[in-house]
Amino acid sequence: MAEGGAASPGEWSPLEAVIIKGLRQLRARYLQSVRGRVNQGRPSLGTASESADPGHAPLCGLPVDMQLYILSFLSPQDLCVLGLTSRYWHLLVQDRVLWRYFLLRDLPSWPSVEWHNLPDMDVLNSCFSESQEGKPHNYMSIYLKCCPKNRKSQRPKHPIYGAVTSFLQSLVTHGEPRFAMFGPGIEQMDDSLVTRMMTSPDLVPVMCILQKQIHGIGSGVTFQLDNQHKFNILTLYSTTRAERDRARVDQNAAVNKMFVSEDSDTSRSSAPYSLIPQVKEVCRVVHGFIYVANADSDREHNRQDEVAQIQVMTDPEYGPQKRPLLVLSCVTHPRDQRIPCVYMAHELCLNRLNRPWMVQNTEVSTLNGLSDGIEWILSEVGRKM
């Protein structure tokens, strides 16, 4: 060391090299952390970020199967966000095994499914290596399309002229929409759905302009949803109340008097049922249908007859083909084991119907899920929700 504490040129060169190296390491570490925070705050929706280096992340040092196991604990939403952080994670989070696991795990808990996002049964029942037309199933795409949380973003947006049309229609006074409600769930449940609806604070019976009377059925009951939206329901029972009570006690199926069995030849394609005149009149005046299905998994169901009855009720002969169908997949209590709504849609062969439909899980004792289904069918008949 030179006099006065100054370093000689020979002694300064090694010290300078150490200081510069340390500053470079500090700069690289700081800039990398700042870039990471910026990328997390402003993720790109179209492409994966290439600024982060996955090679230095401790998670990337694990085997791929261990990485996938850790990713299985994330939610699908978090997984999509992770795929935006780097090219490596963008590719890894699209793993087919991972998304098939998510699909089979979450599908039974989905509260509803609609006509435009019903997964095919071959996707759910086929082996992982099987696929249609030699192409592997894209389970990630299937999940994101069918998940109820993505439903609102997938609905078509109305153009500007649609808004103008809605405004002009609002200037014209319309009566409340009318729906025909039928199905075994009205009569087979331990609790009465109709009685619960009559006493619900969110679904209140109200006075209104008297609807058209139908001989043997009446004018129905008008409800008001959330003190705003009025609608009328014509409840169609298959038999009298005494016959329904007797069948419930004896645990037998009562004869459905709404439908007349046809002696159709097997070589013909005609429907096995026809409607009585009163029900035909109902089908001509309603704006949509509400089918109450029994979703109790511990009970035997005659789905073949249910499918035939839905088809004859929604026959285009009695009205416009685009009238919506809401299926309330009902259990009595929250603790009851239910058939998932996706499987209910396939059991009722709803994919054969050329009309908008929705299956909504509903609990009769609490009416949980009912308002969501009513909001859907009201929006389908043109009511702004």
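Each residue in region 141-183 was checked for being modelled with pLDDT of 75 or more, closer than 26 Å to D78 by Cα and not β-branched (V, I, T), and 9 pass. Cβ-Cβ contacts under 6 Å between residues 6 or more apart (or on different chains), taken from a first residue in region 55-67 that is at pLDDT 75 or above to a second residue that is among the hydrophobic types (A, V, I, L, M, F, W, C) and open to solvent by 70 Å² or more (accessible area, probe 1.4 Å), are absent. For region 81-95, the set of residues classified as touching an Asp or Glu at 6+ places or on another chain (Cβ under 9 Å) and buried (at least 20 other Cβ atoms within 10 Å of the Cβ) consists of S86 only. Do we find that L91 is hydrophobic (A, V, I, L, M, F, W, C), more than 30 Å from A345 (Cβ to Cβ) and modelled with pLDDT of 90 or more in this structure? The answer is yes for L91.
Counting just the residues of region 219-242 that are hydroxyl-bearing (S, T, Y) and out of contact with any helix residue (DSSP H, G or I) (no Cβ under 9 Å at 6 or more places or on another chain), which one comes out surrounded by the most Cβ atoms within 10 Å (Cβ to Cβ)?
T222
Filtering region 329-339 to residues that are in a loop (DSSP other than H, G, I, E, B) and open to solvent by less than 30 Å² (accessible area, probe 1.4 Å) leaves T332, I339.
Taken over region 219-240, the criterion of being at pLDDT 80 or above and hydroxyl-bearing (S, T, Y) is satisfied by S219, T222, T235, Y237, S238, T239.
Taking the criterion of being outside any helix (DSSP H, G or I) and either under 22 Å from K145 (Cβ atoms) or in contact (Cβ under 8 Å) with a residue 24 or more places away in the chain (or both), the residues of region 68-83 that qualify are S72, L74, S75, G83.
Might you let me know whether region 122-140 holds any residue that is part of a helix (DSSP H, G or I), modelled with pLDDT of 85 or more and not aliphatic (A, V, I, L, M)? Spell out how you get there, then give the answer.
Here is the first cut: in region 122-140, the residues part of a helix (DSSP H, G or I) are 122-125, 132-134, 139-140.
When the remaining residues are screened for being modelled with pLDDT of 85 or more, the result is 139-140.
Pick out the ones that are also not aliphatic (A, V, I, L, M) and you get 139.
Scanning region 122-140, I find at least one residue that is part of a helix (DSSP H, G or I), modelled with pLDDT of 85 or more and not aliphatic (A, V, I, L, M), so the answer is yes.
Selection within region 96-125: residues that are touching a helix residue (DSSP H, G or I) at 6+ places or on another chain (Cβ under 6 Å) and of a type in the set (D, E, K, R). The member of this set that is surrounded by the most Cβ atoms within 10 Å (Cβ to Cβ) is R100. Just wondering, is there one or more residues in region 97-117 that are at pLDDT below 90, of a type in the set (S, T, N, Q) and under 30 Å from L353 (Cα atoms)? Yes, region 97-117 contains a residue that is at pLDDT below 90, of a type in the set (S, T, N, Q) and under 30 Å from L353 (Cα atoms).
The single condition among (1) within 21 Å of P119 (Cα to Cα); (2) surrounded by fewer than 17 Cβ atoms within 10 Å (Cβ to Cβ); (3) touching a residue at least 60 places away in the same chain (Cβ under 8 Å) that L350 does not meet is (2).
Do you know which of the residues in region 294-328 that are in contact with an Asp or Glu (Cβ under 7 Å, 6 or more places away or on another chain) and farther than 23 Å from S219 by Cα is least open to solvent (accessible area, probe 1.4 Å)? Looking at residues that are in contact with an Asp or Glu (Cβ under 7 Å, 6 or more places away or on another chain) and farther than 23 Å from S219 by Cα, I get R303. For region 361-383, filtering for residues that are open to solvent by 10 Å² or more (accessible area, probe 1.4 Å) and either outside any loop (DSSP other than H, G, I, E, B) or farther than 21 Å from F223 by Cα (or both) leaves 7. Note on region 184-218: among residues that are modelled with pLDDT of 85 or more, of a type in the set (D, E, K, R) and out of contact with any Leu (no Cβ under 9 Å at 6 or more places or on another chain), the one that is surrounded by the fewest Cβ atoms within 10 Å (Cβ to Cβ) is D190.
The values are calculated or read from the model by the stated rules, or taken from the named source; none is laboratory data. Being a predicted model, the structure only gives us computed values, none of them experimental. Note: ideal-geometry Cβ built from the backbone for every residue, glycine included; neighbour counts use all protein chains shown. Just so you know, the surface numbers come from the protein's heavy atoms only, side chains and all, with ligands and any DNA or RNA stripped out. Shrake-Rupley method; radii C 1.70, N 1.55, O 1.52, S 1.80 Å.
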